[in-house]
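For reference, the structure is listed below as structure tokens.
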Amino acid sequence: MDNNNIKEKKEINTRTLGGWLIAVQAFIILNAISWVGNLQTYYKLLGEKDTLIKDKPPGDAGMLNAFVYYELAASLVFAFLCFVVFYFFYKRNRNFPLIMIIYLIAEIIVEGTSYLLFAHLSNDPVLILQKLAFSAVISAAIILYLKRSERVKQTFIF
């Protein structure tokens, strides 16, 4: 009888979104707040870009203009995508892990493109690189968890 008790598998309660899924949920919420904050910042900057461009050389002025529009568009798209990912998370849709992985990869691509194209405009390009590296590490950890976790495989089944 003791062998049966020892060999019993630990049951995962998939009725609740628990375990490390709480960290994924917190990441989605914090990312949504961050993208909405970026959206507000770059929308305000859109009105003031003429005064910022006036002080720059002509080549940098065009790049600064493109940067503002690029970040505004990226913020708008990713703020919307955060809510889409959040919806699929709470609906326990079986496509959530795939959608989350695509979202994370797209976010890294957008941040990498922003670094490659616009880092020279910043006073501290190392800060942009640090943000990119931090996002890549967090994304890799979440992708690894989504791919290997039994809780994820048992929770997102609808």
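FYI, it's all coordinate maths here, none of it is from the lab. What you see is a predicted model, and the numbers here were worked out from it, not measured in a lab. Here the Cβ is made from the backbone with ideal geometry for all residues, glycine too, and neighbour counts use every protein chain on show.
The C-beta contact set for segment 108-132 (first residue touching a residue at least 24 places away in the same chain (Cβ under 8 Å), second residue surrounded by 11 or more Cβ atoms within 10 Å (Cβ to Cβ) and assigned to a loop (DSSP other than H, G, I, E, B), distance under 9 angstrom, 6+ apart or interchain) comprises Leu121/Lys56.
Looking at segment 56-67, can you tell me whether even one residue there is surrounded by fewer than 16 Cβ atoms within 10 Å (Cβ to Cβ), among the aromatic types (Phe, Trp, Tyr) and closer than 18 Å to Val110 by Cβ? So far as segment 56-67 goes, no, none of its residues is surrounded by fewer than 16 Cβ atoms within 10 Å (Cβ to Cβ), among the aromatic types (Phe, Trp, Tyr) and closer than 18 Å to Val110 by Cβ. Looking across segment 68-79, the residues that are surrounded by 14 or more Cβ atoms within 10 Å (Cβ to Cβ) and of a type outside the set (Val, Ile, Thr) come down to Tyr70, Glu71, Leu72, Ala74, Ser75, Leu76, Phe78, Ala79. Just one of the listed residues (Glu107, Glu71) is among the charged types (D, E, K, R) and within 19 Å of Leu144 (Cα to Cα), and it is Glu107. Candidates in segment 30-55 are the residues that are among the aliphatic types (A, V, I, L, M) and over 12 Å from Phe78 (Cα atoms); of these, the one that is surrounded by the fewest Cβ atoms within 10 Å (Cβ to Cβ) is Leu30.
One line per residue, one yes/no per condition, for (1) in a helix (DSSP H, G or I); (2) over 28 Å from the mean Cα position of the chain (by Cα):
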position	(1), (2)
Ile53	yes, yes
Lys56	no, yes
Asp60	yes, yes
Asn65	yes, no
Tyr70	yes, no
Phe80	yes, no
Val84	yes, no
Arg92	no, no
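What pairs can you find where one residue is in segment 75-102 and within 19 Å of Ala140 (Cβ to Cβ), the other is in a helix (DSSP H, G or I) and acidic (Asp, Glu), and their Cβ atoms are less than 7 Å apart, with a gap of 6+ or different chains? Between residues of segment 75-102 that are within 19 Å of Ala140 (Cβ to Cβ) and residues that are in a helix (DSSP H, G or I) and acidic (Asp, Glu), the close pairs are Phe78/Glu107. Scanning segment 94-132 for residues that are of a type outside the set (Val, Ile, Thr), surrounded by fewer than 12 Cβ atoms within 10 Å (Cβ to Cβ) and assigned to a helix (DSSP H, G or I) returns Leu116, His120, Leu127, Gln130. For Ile142, state whether it is surrounded by 14 or more Cβ atoms within 10 Å (Cβ to Cβ) and part of a helix (DSSP H, G or I). Against the criterion (surrounded by 14 or more Cβ atoms within 10 Å (Cβ to Cβ) and part of a helix (DSSP H, G or I)), Ile142 qualifies.
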